[in-house]
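Chemist: Below you will find the structure I want to go over with you.
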Amino acid sequence: MARTPLMAGNWKMNLDHLEAIALVQKLAWALKDAKHDYSEVEVAVIPPFTSIRSVQTLVDGEKLELKYGAQDVSVHEKGAYTGEIAPRMLAKLGCTFAICGHSERRLYHAENDWVVGEKARAAIAHGITPIVCVGENLAIRREGRQVERVLIQVDGIFNTSTPEQARATVIAYEPIWAIGTGEVATPADAQEVCGAIRGRLAELYDQDVADSIRILYGGSVKASNVAAIMSEPDVDGALVGGASLDPEEFSAIVRYQQHLSA
Ligand code: PEP
């Protein structure tokens, strides 16, 4: 089954709304110059909440094919949840994606697999595609238990998800030891876990559902290493942190197919 690759840039807590506009303009120009075909590789930016409205205005005004999303979403619909952002609010801003359960949210905000699954289902209920993050820490990797750990996370997140909700989800495998460290997993490391995730989805649902779900790799992805990772059969894109703040570098990541044919 053909899955359209997705390259998503997680800006984390970087760029105010003016800087966000400048980056999106530069990225859009770089991709236009390169005649990028968005139907071949989908491209998304994930700015902080405060920049989403500005990105929306630019994307709509310039009719850009770039998609955008949020770095988190509330499980709640509305009400007394100070600091939370409801999925309905993100849908109103035209968000296509919401990251759920990034390792930094799990670490600093104590999010667990159940909460991540609830966030994903809340997003889907409002037409937003969740990008749910899973990944093992360095100690687990050293013990060789990465597949076991990640499959526990997948089970917890998809616990009550229907096949339709599963189909509406993107998964990002992000080994924590590779995030922001410059330490990138080898293509074989990425394939081992992404393949195991797809296998577990086939057990939880069926092969057709498993084959329809995009599984991204994330962790120190750059233009120089993305092509090798993307050539693995169960890797359908990348969640990119640091390198997505550089429009030239991110546009080169998006155009990884040119590195393959070069
Ligand atoms: C991330 O934040 O999801 C990430 C993968 O970061 P980096 O690319 O900087 O490792």
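The values are calculated or read from the model by the stated rules, or taken from the named source; none is laboratory data. Because the structure is a prediction, the values reported are computed rather than measured. Here Cβ is always computed from backbone atoms with ideal geometry, including for glycine, and neighbour counts include all displayed protein chains. All accessible areas refer to the heavy atoms of the entire protein, side chains included, with ligands and DNA or RNA removed. Shrake-Rupley method; radii C 1.70, N 1.55, O 1.52, S 1.80 Å.
Chemist: For segment 1-80, with only Lys/Arg (+1) and Asp/Glu (-1) charged at the beta-carbon, what is the dipole magnitude about the Cα centre, in debye rounded to 20?
Modeler: Dipole about the Cα centre, nearest 20: 40 debye.
Chemist: Can I ask one more? Once you charge only the Cβ atoms, +1 for Lys and Arg and -1 for Asp and Glu, what is the size of the charge dipole of segment 150-217 about its Cα centre, to the nearest 20 debye?
Modeler: I would put it at about 120 debye.
Chemist: Phe49: accessible area at probe 1.4 Å, nearest 10 Å²?
Modeler: Accessible surface of Phe49 is approximately 80 Å².
Chemist: To continue, here is another question. Placing unit charges on C-beta atoms (Lys and Arg positive, Asp and Glu negative, everything else neutral), compute the dipole magnitude of the chain about its Cα centre in debye, rounded to 20.
Modeler: So the magnitude is around 440 debye.
Chemist: Going from most exposed to least, what order do Thr82, Thr162 have by accessible area with a 1.4 Å probe? Can you show the working numbers first?
Modeler: Details: Thr82 145, Thr162 60 Å².
These residues rank, largest area first, as Thr82, Thr162.
Chemist: Shifting gears a bit: On the accessible surface of the chain, probed at 1.4 Å, how many percent belong to carbon and sulfur atoms?
Modeler: 52 percent
Chemist: Turning to a different aspect of this structure: Please grab the % of Cα pairs in the chain that end up more than 25 Å from each other.
Modeler: Cα-Cα pairs of the chain separated by over 25 Å account for 40 percent.
Chemist: Sticking with this structure for a sec: Would you kindly find the accessible area of Asp189, with a 1.4 Å probe and non-protein molecules such as ligands, DNA and RNA excluded, rounding to the nearest 10 Å²?
Modeler: Here the residue's solvent-accessible area equals roughly 40 Å².
Chemist: Looking at segment 108-262 only, what percent of DSSP beta bridges run antiparallel? Nearest 5 please.
Modeler: Of those bridges, close to 0 percent are antiparallel.
Chemist: Could you give the accessible area per residue of the chain, probe 1.4 Å, as a whole number in Å²?
Modeler: Ligands and nucleic acids excluded, the figure is 44 Å² per residue.
Chemist: Using Cα springs under 10 Å in a Gaussian network model of the chain, which residue among Pro130, Pro163, Pro87 shows the largest mean-square fluctuation?
Modeler: Residue with maximal mean-square fluctuation among Pro130, Pro163, Pro87: Pro163.
Chemist: Describe numerically, in nm with one decimal, the distance between label points set 7 Å from Cα along Cα→Cβ at Gln25 and at Arg145.
Modeler: 5.1 nm
Chemist: Suppose only helical runs count, i.e. DSSP H with n ≥ 4. What mean residue ellipticity at 222 nm does that imply for the chain under -39500 (n - 2.57) per run, divided by all residues and rounded to the nearest 500 deg cm²/dmol? All intermediate terms of the calculation are to be shown ahead of the outcome.
Modeler: Values: 13 runs with 121 residues, N = 262.
Here the helix-only value at 222 nm equals -13000 deg cm²/dmol.
Chemist: Can you tell me, using C-alpha contacts under 8 Å and at least 6 residues apart, the relative contact order of the chain as a whole percent? If you can, show how the numbers build up before the last one.
Modeler: Values: 500 pairs, mean separation 53.9, N = 262.
Rounded, it is 21 percent for the chain.
Chemist: Largest first, what is the accessible-area ranking of Met230, Met13, Met7 with a 1.4 Å probe?
Modeler: The residues order as Met13, Met230, Met7, largest area first.
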